[in-house]
């Protein structure tokens, strides 16, 4: 065997090792995104579980406010059924708006505002909202790292060959980002 064949074998071997390393790096970053999304999903499910109890408590004090209560339940159901990052973000925006209206009702009902159960659920929801914000930030950071790695050369060639697509960001509407829902009284 000549030197040329050894050089060719070395180049092929180096190329294969680079492809394997890039592929594995992209897989690792995609899995981090999936893991970060599952953390958002856990917190969203916790939020969805709190809402029916909150609505029932409000119903006891403000039963004639059925339009607002229905809007919260519909927004919750829409958020539960949402698929994908963009659809989930839209559904969460609607739910946040509906919850804001629900909490605004308590201003009109002093007995509800003073209810210990309502206050406890409100506190739990506030804590959950904070956890969602942190999980969303972590997910978006993971998506940024993945998307950046996917676009770099030679990663972009390998990403396109093996179908590594963009990871969507979990973004809320501008108003929701600038102002958290007011749940304290």
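The values are calculated or read from the model by the stated rules, or taken from the named source; none is laboratory data. As the structure is a prediction and not an experimental result, all values here were calculated from the model. Virtual Cβ from ideal backbone geometry, glycine too; neighbours counted across all protein chains shown.
List of remarks:
- Exclusive hit being assigned to a helix (DSSP H, G or I) and under 24 Å from the mean Cα position of the chain (by Cα), set 69, 44: 44
- Filtered residues of the stretch 56-67 (kept if within 20 Å of residue 96 (Cβ to Cβ), in contact with a helix residue (DSSP H, G or I) (Cβ under 7 Å, 6 or more places away or on another chain) and surrounded by fewer than 18 Cβ atoms within 10 Å (Cβ to Cβ)): 65
- Every pair of residues 6+ apart whose Cβ atoms lie under 6 Å, when the first sits in the stretch 1-25 and is surrounded by 10 or more Cβ atoms within 10 Å (Cβ to Cβ) while the second is at pLDDT 95 or above and part of a helix (DSSP H, G or I): none
- One residue from 79, 71, 86, 91 being in contact (Cβ under 8 Å) with a residue 24 or more places away in the chain and either on the phi > 0 side of the Ramachandran plot or crowded, with 19+ Cβ neighbours inside 10 Å (or both): 79
- Considering 162, 153, the condition of being at pLDDT 90 or above, on the phi < 0 side of the Ramachandran plot and surrounded by 12 or more Cβ atoms within 10 Å (Cβ to Cβ) is satisfied by 162 alone.
- Any hit, the stretch 95-110, residues being surrounded by 18 or more Cβ atoms within 10 Å (Cβ to Cβ), touching a residue at least 12 places away in the same chain (Cβ under 8 Å) and part of a loop (DSSP other than H, G, I, E, B): no
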